[in-house]
1. Sorting 139, 52 on the 10 Å Cβ count, fewest up front, what's the list?
2. Could you tell me the relative contact order of segment 152-265? Use alpha-carbon pairs under 8 Å, at least six residues apart, and round to a whole percent.
3. Which value in Å does the Kirkwood hydrodynamic radius of the chain take, with 1/r averaged over all unlike C-alpha pairs and then inverted?
4. How far, in degrees from 0 to 90, does helix 160-174 lean away from the longest principal axis of the Cα atoms of the chain, to the nearest 10?
5. Taking N as the number of residues in segment 213-332, what is its Cα Rg relative to 2.2 N^0.38 Å?
6. Stokes-Einstein diffusion coefficient for segment 274-313 at 37 °C in a medium of 0.692 mPa s, Rh from the Kirkwood formula over Cα pairs: what value in µm²/s?
7. Consider just the alpha-carbon atoms of segment 104-284 and return their Rg together with their Dmax, both in angstrom.
8. Summing -39500 (n - 2.57) over the DSSP H runs of n ≥ 4 in the chain and dividing by its residue number, what mean residue ellipticity at 222 nm do you reach, to the nearest 500 deg cm²/dmol?
């Protein structure tokens, strides 16, 4: 997956030809061509395995808590490690950042189109979600490094399908793609393991389609993405006070209007407005890919007799005429659609409340007609008389009457 994503980045962002990519990555040119021709990421997924060093983790933590710079070889001697030293070094590299001293950073200058910092902001305000429920869904915030233009949108959850759908919605609105996205250790994006960042399968597929880099900051290093952290505080102190919201859609409408004004205000560090820098920033970014990345919820299932499909924690009705057939479910930030054989058999507004059943009146009426028709065919409709045989008829047929007993 990482090779596939890197091949596409080198081709789209760096403009490298097939031969140069193959030489840099040490692979065949046909492999590079297949990766560039593919519309989606490869499906291979290696199952996660534990480490034999897990049992020694408490001892390693105890030593690192007192001596954060202790070499792995000395740690192996102190704990009496007799197995592979390489395995222990991987575990030490994973744990050492938890005890390392602070690592301050200096102010960074950004080039046009270089990157955008991303984060989730959880506004301290209850938003009505429907069905009598209220909650505080996350807001995906993105800040362009060079121009400081802020883009943001509330999304239903922090799960990978919704997070990537939110990314695509923001990037589509901007009309361009920064060459790098900077993230912290959000679980839907990736985690630091063995001393290096490891992206999730979904994020690798997303960045590969866009041809970009995703940079993961080290744990507990908020200064590495200070632009978006300050934007979160700006939203909380300038956008949120004095506002009320009728729902997520109203929240996003008000937020979009406020961002237009916010991006047109003087920025102290820049000495100008973010909007004044946006044209140069956008011109240096990548264009939107010809094939949109796969985002949102996607699943294929056989429609059960109750003719409902589940997305996240909610159930959505489907035309009962396709019961027993395979249907394709696609859910974005605003809509849930179901198709069967290329034909749409359900379309619903995405429900942000939890544990709800959303029913299309047309589907309910169709199910009632099908049940009524089945009852007529089987003779079980209420009020229908059915002939009743006497038990002697069965005795005569089966030969179990008095003669059979004799």
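1. 52, 139
2. Value for segment 152-265: 26 percent.
3. By the Kirkwood definition, the hydrodynamic radius is 25.9 Å.
4. 60 degrees
5. So segment 213-332 has a normalised radius of gyration of 1.60.
6. D, rounded to a whole number, is 222 µm²/s.
7. 16.2, 49
8. -11000 deg cm²/dmol
Read-outs: derived from the displayed coordinates by stated rules, not from any lab. These figures come from a predicted structure and were not determined experimentally. Here Cβ is always computed from backbone atoms with ideal geometry, including for glycine, and neighbour counts include all displayed protein chains.
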